[in-house]
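Q: Quick one: the structure is below, questions incoming.
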Amino acid sequence: MRIGSLSKKYNTSIDKIYFYIKSGLLVPKLRGKQYEFDTTCEKDFETILRLRSLDFSIKEIHAFLSIFRISGFVYQEDANDIIRILDAKQQEMENKRASIGKAIEQIAKIKSELVESTRKQPKRLTGFPTHMLSLLECPNCHHDFHLDRIDMSPQYVYNCNVKCDCGYEAKIEDGIFLTPNENTSRYDRPDLSREYYKDIPPELTSLFQRSYNWMTDYLMKEQKDGRVIMETHINAYFFLQNALNSLNTKAHFIVTDKFPEMLRLYKHLIESTDCELDIGYIADDSLNFPIKNECVDLFIDFSVLMIIFLQSGFPS
């Protein structure tokens, strides 16, 4: 039988057969430039396939076949040698089974913990922080807003109408400042299922993490009491969420995105943690935010920062 016929009969690639020949598992006769596989060689091939299906290594299969090739399997000691090989493999598989059983239990535990964590209810309900209302102003005429129909507590504004004498109108709904600049794109959408993350190669994710580390270190040095830190475009990537334990609770944080749905998701995530930060969420599909000019001390836009870092070779 030629190599092509052997490959077709056993549904195995020719490259794999050549590999077995090179490894010494198969020793066919060479007629000119063609290998010929007799019944003995075909029987060896069947043994190889059977043992490979049982997770035997190339080295173990080679030792197995060598016993037959050296003595022809005519002595009891040959059978004992084969049995010792099988015993060792059986014990290895038993150990793997026990290890796999423990791994399965741990995987089930991790799954259970994740499911439970996603069911967590917010530990506290937040709104737009009252101490940050002084940062707001009309983006058109730069005058202060008037608030009416207010649902609030001493710490937060949960719902209200926001108006300016120039005619600008907005509202705070469920603690999120909603401007009239709504997203109207037919193609863009809120990435609530985080599909963006799923398409990122692991190598790029590692680069993001190095950027996270650099940004967190920088933020820890720069976030002083009363400073205003603003993150935008969270539909693309979260940053503050991954640095919560490093943030100064006496700094002021503003988070913006064009999609209110993303802000609600972000807000729910923050409320489900032990974080004590007060964050002002603003939904606005423009760069004309309803905040006072030059009030932001530190601006975080992850996509922009990534471009700057990459162009400057930063972070290393």
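The values are calculated or read from the model by the stated rules, or taken from the named source; none is laboratory data. Fair warning: this is a prediction, and the values are worked out from it, not measured in the lab. Neighbour counts run over all protein chains shown; Cβ positions are idealised from the backbone, glycine included. Note: areas computed on protein heavy atoms with side chains; ligands, DNA, RNA excluded. Shrake-Rupley method; radii C 1.70, N 1.55, O 1.52, S 1.80 Å.
Q: Among the strands (runs of 3 or more DSSP E) lying completely within segment 92-205, list those that include at least 1 residues that are among the β-branched types (Val, Ile, Thr) and touching a Phe, Trp or Tyr at 6+ places or on another chain (Cβ under 7 Å).
A: Fully inside segment 92-205 and qualifying: 156-163, 169-173, 176-178.
Q: Sticking with this one: Of Ile70, Ile85, Ile104, which residue is of a type in the set (Val, Ile, Thr) and open to solvent by less than 70 Å² (accessible area, probe 1.4 Å)?
A: Testing whether each residue is of a type in the set (Val, Ile, Thr) and open to solvent by less than 70 Å² (accessible area, probe 1.4 Å) leaves just Ile85.
Q: Confirm whether Lys29 is farther than 17 Å from Ile82 by Cβ, at pLDDT 90 or above, charged (D, E, K, R) and open to solvent by 50 Å² or more (accessible area, probe 1.4 Å).
A: Here the answer is yes, as Lys29 does meet what is asked.
Q: Do you know which residues across segment 153-172 are more than 18 Å from Leu277 (Cβ to Cβ), within 37 Å of the chain's Cα centre (by Cα) and surrounded by fewer than 18 Cβ atoms within 10 Å (Cβ to Cβ)?
A: Of everything in segment 153-172, those that are more than 18 Å from Leu277 (Cβ to Cβ), within 37 Å of the chain's Cα centre (by Cα) and surrounded by fewer than 18 Cβ atoms within 10 Å (Cβ to Cβ) turn out to be Asn159, Lys171.
Q: Note down all Cβ pairs under 7 Å where the first residue falls in segment 34-54 and is more than 9 Å from Met1 (Cβ to Cβ) and open to solvent by 30 Å² or more (accessible area, probe 1.4 Å), the second is outside any helix (DSSP H, G or I) and of a type in the set (Lys, Arg), and they're at least six residues apart or on different chains.
A: These pairs meet every condition: Gln34/Arg2.
Q: Within segment 197-215, does at least one residue satisfy the condition of being touching a Pro at 6+ places or on another chain (Cβ under 6 Å), open to solvent by 60 Å² or more (accessible area, probe 1.4 Å), farther than 22 Å from Ile270 by Cβ and not β-branched (Val, Ile, Thr)?
A: Checking segment 197-215: at least one residue is touching a Pro at 6+ places or on another chain (Cβ under 6 Å), open to solvent by 60 Å² or more (accessible area, probe 1.4 Å), farther than 22 Å from Ile270 by Cβ and not β-branched (Val, Ile, Thr).
Residue-wise test of (1) aromatic (Phe, Trp, Tyr); (2) touching a strand residue (DSSP E or B) at 6+ places or on another chain (Cβ under 8 Å).
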| residue | (1), (2) |
| --- | --- |
| Thr179 | no, yes |
| Arg194 | no, no |
| Ile200 | no, no |
| Leu207 | no, no |
| Tyr218 | yes, no |
